[in-house]
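K.L.:
Below is one structure. I have some questions about it.
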Amino acid sequence: MKTETLAIKTSKEQNEGIHPVSSPLYLSTTFLRNEDGSFSDGFRYSRLDNPNRRDLERTLAILEKGKVAVTFSSGMAAVHALFQSLSTGDHIILPDDVFFNVKMLAKDIFQRWGLSFSLVDVTDEEALIKVITEKTKLIWLETPSNPQMKITNIKKITAFAQANKIMVAVDNTWPTPILSNPLEMGADVVMHSTTKYFGGHSDVMGGCLIFKTHNNISNKSRQIQLLSGAVPSPFDCWLLSRGIKTMPLRVKSQSASALRIAKYLCSHPKIESVFYPGLPEHPHHHIAKTQMKNGYGSMIAVLINGSGDNAITVSNNLKLFTKATSLGGVESLVEHRKSVEGINSLTPNNLLRISIGLEHADDLIDDLNQALKD
Ligand SMILES: *Cc1c(COP(=O)(O)O)cnc(C)c1O
C-alpha cells in the first residue's frame, strides 16, 4: 500500500486489547455499517448519537431520577427545544424574575411563532392562578431564583398543575441534583445548564432536559435534538462526564462555604441585606429547608450600602474573587448583576452576585473583609 493509504488505514485496530480505566473519547463522526446494513450498538452518525453522549445521558437520567435525558450544546438550546416541543397557540407561565435569557427567548423568538407567555411572581399562588388560561401548557420554575433567591414551593405548584393538566418544568441549574430532585416532587421535566456545576471547571458549555417519563414532549425534544443539531460534541460530553464524578463533593463543599460566608456578610455593617436561602431570616427558608438537601447552594446576592458605584467599588477591591459572570466553577466569582442584565432588569443597582468556589472559606472571608473596608 502507498503512504496515503497507510496514513489512513494503519491506526484502525488500535483499540484492541486496551482496557482504559478512564472512559475513552470517541471523536468519530461516523460508525461502521455491518454487512447486513445494521449498525453495531445503534451508533450511526454522531449528531444522532455517540458513545460519549449516550454515557452522559444515562448518568444524567440516573442522577435526576428521570427516565430519559436529552443533551444539548448549551442550557439555552435545552430551553429552546422544550419550548419548541409545544404548539402554536399554547401559553406558558414564566417567573417574573426568570433567568433573563429565558424571558428574552420567549419574548423575542417564540412569541413570533405563536407561543404566548405570562410573567408572574410564581411564589404568589393567587397571582399564578389568575394568569392560567385553557391554553396554558407549561409552568416554568426556577428555584432559588436569580439573583434574589426566592424559593418556589415545587410540590404545591406541581400538585395544582397536575390537577389542571399543565406540565411543570424546573430549571434546576443552581441546586443541581445534589441539593434538589424536582422530578421526585412532581415536576415533569428538569432543565440544567450543565455549563455550571456539572462541568464545574468553567471550560465546557452544555445543557439538558431530563423527563420523568417517556411521553410526547420527551419524544419531540429528542427529535428537535437530532434534527436541529444543537448537540454537545463528544469532548463536551466527556468533560461533563468527568466533572460529574466530583460534583457531589464540590457542591456540598461550596454550599458549606457559602453558608459561612452568608452569615459573615449578614453581620457586616457595610451590607444592607444578604439573600441566601440557608439563612433562617430568609423569607422562604422554611420552604428551602423542606425541598433542599445537603446545603443551600453556593450563590449569594448582597446589597451593598449606598449606590451601584459603591457596589462596583467593592467588587473591584476583591482580589480572590474573579469579576466574571457565570457560576458553578471551582473559582469564586463576583458580578454586578444589573449591568449584565441591562437597563430593564428589576435587579437593584447595588446588588452583587457572588458564586462561591472551592477556595478556603477563611481566605474568601478575609478578602471580603478587606474589600469592604474603605
Ligand atoms: C446559565 C444558566 C442558563 C443558561 O445556560 P447556558 O448554558 O448559558 O446556555 C439557564 N438558567 C440558569 C439558571 C443559568 O444559570
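The values are calculated or read from the model by the stated rules, or taken from the named source; none is laboratory data. Note that the coordinates shown come from a computational prediction; the quantities given were computed from them, not determined experimentally. A quick note on method: Cβ atoms are made from the backbone with ideal geometry, for glycine too, and the neighbour counts reach across all protein chains shown. Surface accessibility is based on the protein's heavy atoms, side chains included, excluding ligands, DNA and RNA. Shrake-Rupley method; radii C 1.70, N 1.55, O 1.52, S 1.80 Å.
K.L.:
Using amide H atoms built 1.01 Å from N in the peptide plane, name the residues 5+ places from Ile271, or on other chains, whose amide H lies under 5 Å from its own.
P.N.:
Answer set, sorted by chain and number: Asn305.
K.L.:
Cβ under 13 Å from Thr29's Cβ, Thr29 left aside: what net charge do those residues give with Lys, Arg +1 and Asp, Glu -1?
P.N.:
Summing Lys and Arg as +1 and Asp and Glu as -1 gives +2.
K.L.:
Rounded to whole Hz and in sequence order, give me ³J(HN,Hα) for the stretch 294-307 from the Karplus expression 6.51 cos²θ - 1.76 cosθ + 1.60, θ = phi - 60°, writing x for Gly and Pro.
P.N.:
Per-residue couplings from phi come out as 6, x, 10, x, 10, 9, 10, 10, 10, 9, 8, 3, x, 9 Hz.
K.L.:
Would you please report the Å³ per residue occupied by the convex hull of the alpha carbon atoms in the stretch 50-167?
P.N.:
Taking the convex hull of the Cα positions in the stretch 50-167, it is 123 Å³ per residue.
K.L.:
Ranked from highest to lowest mean number of other Cβ atoms within 10 Å per residue, what is the order of the peptides 318-330, 16-28, 191-203?
P.N.:
Ranking the peptides 318-330, 16-28, 191-203 by packing returns 191-203, 318-330, 16-28.
K.L.:
Multiply the residue gap between Glu184 and Ser28 by 0.36 nm, knock off their C-alpha separation, and tell me the result in nm, one decimal place.
P.N.:
52.5 nm is the gain from fully extending Glu184 to Ser28.
K.L.:
Stretched out fully, how many nm does the piece from Asn215 to Asp363 gain, at 0.36 nm a residue minus the Cα gap?
P.N.:
48.4 nm is the gain from fully extending Asn215 to Asp363.
K.L.:
Kindly rank 47-57, 341-351 from highest to lowest mean number of other beta carbons found within 10 Å of each residue.
P.N.:
Packing order, densest peptide first, comes out as 47-57, 341-351.
K.L.:
Please compute the per residue accessible area over the chain with all protein chains in place, 1.4 Å probe, rounded to a whole number of Å².
P.N.:
Normalised by residue count, the accessible surface of the chain is 48 Å².
K.L.:
If you roll a 1.4 angstrom probe over the protein chains with everything in place, what fraction of the accessible area of the chain belongs to carbon and sulfur, to the nearest %?
P.N.:
The nonpolar share, carbon plus sulfur, comes to 55 percent.
K.L.:
So how strong a dipole does the stretch 286-374 carry about its Cα centre when Lys and Arg Cβ are +1 and Asp and Glu Cβ are -1, to the nearest 20 debye?
P.N.:
380 debye
K.L.:
Here's another thing I want to ask about it. Summing -39500 (n - 2.57) over the DSSP H runs of n ≥ 4 in the chain and dividing by its residue number, what mean residue ellipticity at 222 nm do you reach, to the nearest 500 deg cm²/dmol?
P.N.:
Per the formula, -10500 deg cm²/dmol.
K.L.:
How large is Rg/Rh for the stretch 3-242, to two decimals, with Cα atoms and a Kirkwood Rh?
P.N.:
That ratio equals 1.04.
K.L.:
Quick one: Karplus J couplings for the stretch 356-372, per residue in order, coefficients 6.51, -1.76, 1.60, θ = phi - 60°, nearest Hz, x for Gly and Pro?
P.N.:
Each residue's phi maps through the Karplus curve to give 8, x, 9, 5, 5, 4, 4, 5, 5, 5, 4, 5, 4, 4, 6, 5, 8 Hz.
K.L.:
Greater than 26 Å separation of Cα atoms is the criterion. Which listed pairs, Lys245/Lys338; Lys155/Lys252; Lys150/Lys293; Lys137/Lys289; Lys220/Lys252; Lys67/Lys103, meet it?
P.N.:
From the list (Lys245/Lys338; Lys155/Lys252; Lys150/Lys293; Lys137/Lys289; Lys220/Lys252; Lys67/Lys103), the Cα-Cα distance tops 26 Å for Lys245/Lys338; Lys137/Lys289; Lys220/Lys252; Lys67/Lys103.
K.L.:
Compare Glu125, Glu359, Glu335, Glu134 by solvent-accessible area with a 1.4 Å probe and give them largest first, with all protein chains kept in place.
P.N.:
Reading off the accessible areas and sorting them downward yields Glu134, Glu125, Glu359, Glu335.
K.L.:
Based on the Cα gyration tensor of the stretch 220-374, what are the three equivalent ellipsoid semi-axes, each the root of five times an eigenvalue, rounded to whole Å and given largest first?
P.N.:
Whole-Å semi-axes of the equivalent ellipsoid: 30, 19, 17.
K.L.:
Tell me, what ³J(HN,Hα) does each residue in the stretch 78-85 have, in order and in whole Hz, if you take phi through Karplus 6.51 cos²θ - 1.76 cosθ + 1.60 with θ = phi - 60° and put x for Gly and Pro?
P.N.:
Residue by residue, the stretch 78-85 yields 5, 4, 4, 5, 5, 4, 5, 6 Hz.
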